[in-house]
1. Please specify each residue of region 5-62 satisfying the condition of being among the hydrophobic types (A, V, I, L, M, F, W, C) and at positive phi.
2. Any residue that is touching an Asp or Glu at 6+ places or on another chain (Cβ under 6 Å) and basic (Lys, Arg) - is there at least one of those in region 70-92?
3. Specify the residue that is modelled with the highest pLDDT; the eligible residues are those in region 112-133 that are open to solvent by less than 30 Å² (accessible area, probe 1.4 Å) and out of contact with any Leu (no Cβ under 9 Å at 6 or more places or on another chain).
4. Residues that are open to solvent by 80 Å² or more (accessible area, probe 1.4 Å): list the helices (runs of 4 or more DSSP H) wholly contained in region 1-99 that include at least 3 such residues.
5. Considering only region 90-104, I want to know if a residue exists there that is hydroxyl-bearing (Ser, Thr, Tyr) and at pLDDT 90 or above.
6. Are there any pairs, at least 6 apart or on different chains, whose C-beta atoms fall under 7 Å, with the first in region 1-26 and farther than 22 Å from ALA101 by Cα and the second surrounded by fewer than 16 Cβ atoms within 10 Å (Cβ to Cβ) and among the hydroxyl-bearing types (Ser, Thr, Tyr), and if so, which?
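The values are calculated or read from the model by the stated rules, or taken from the named source; none is laboratory data. Quick caveat: nothing in here was measured; it's all calculated off a predicted structure. Note: ideal-geometry Cβ built from the backbone for every residue, glycine included; neighbour counts use all protein chains shown. Each accessible area value is taken on the protein alone, full model and side chains, heavy atoms only, with ligands, DNA and RNA left out. Shrake-Rupley method; radii C 1.70, N 1.55, O 1.52, S 1.80 Å.
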Amino acid sequence: MAEFVSAHWPEYMHPIEYGDIVNFDRLVIAARDAGAWPIIIDGMQKQFGKTVSLYVLKAFPLEFEASDHMSDSREFHRRQKAMKRLYHRIRNFTEVEGEHADWMWRATKGVVDEAFSRDRLPEELNRQEFIPL
């Protein structure tokens, strides 16, 4: 997770400077009822709402965790795409392309959202504008 975050946010605008980073690791939500999602999201907001700057997760179907070669299978990619669609739909997580394509993120502070990916930072960016809270 640290490698992913460091690769996509510059040091002087690192999300940890603006609040906590919540990493969902091995998150299993066995809710079949769509009505469970508002409760889960409300719980996330109550637990982390005021202090978090960034949520991150790795969209990885846990049923493939024990196998080295299964992550190359068609079924793995189908399940991973479904997970990414779900996380985007229910909580507006953003997909990452390239080397860190398994990762998704959602910023809660505007400056953290704007700073994602060094390639998108404007050249005239004044570092003094981004003073941590």
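1. Our first condition is that a residue be among the hydrophobic types (A, V, I, L, M, F, W, C); within region 5-62, this holds for 5, 7, 9, 13, 16, 21-22, 24, 27-31, 34, 36-37, 39-41, 44, 48, 52, 54, 56-57, 59-60, 62.
Within region 5-62, no residue meets the criteria.
2. Restricting attention to region 70-92, the residues satisfying the condition of being touching an Asp or Glu at 6+ places or on another chain (Cβ under 6 Å) are 84.
Next, only the ones that are basic (Lys, Arg) stay: 84.
For region 70-92, residues touching an Asp or Glu at 6+ places or on another chain (Cβ under 6 Å) and basic (Lys, Arg): present.
3. Going residue by residue through region 112-133, those that are open to solvent by less than 30 Å² (accessible area, probe 1.4 Å) are 112, 115-117.
Subset that is out of contact with any Leu (no Cβ under 9 Å at 6 or more places or on another chain): 116-117.
Numbers: PHE116: 77, SER117: 57.
This residue is PHE116.
4. Values: elements: 2-8, 36-48, 74-91.
The qualifying helices (runs of 4 or more DSSP H) are 36-48, 74-91.
5. Restricting attention to region 90-104, the residues satisfying the condition of being hydroxyl-bearing (Ser, Thr, Tyr) are 94.
Checking the rest, the ones that are also at pLDDT 90 or above come to 94.
The answer is yes, given that some residue of region 90-104 is hydroxyl-bearing (Ser, Thr, Tyr) and at pLDDT 90 or above.
6. Short answer, once both residue conditions are applied: GLY19/THR51; ASP20/THR51.
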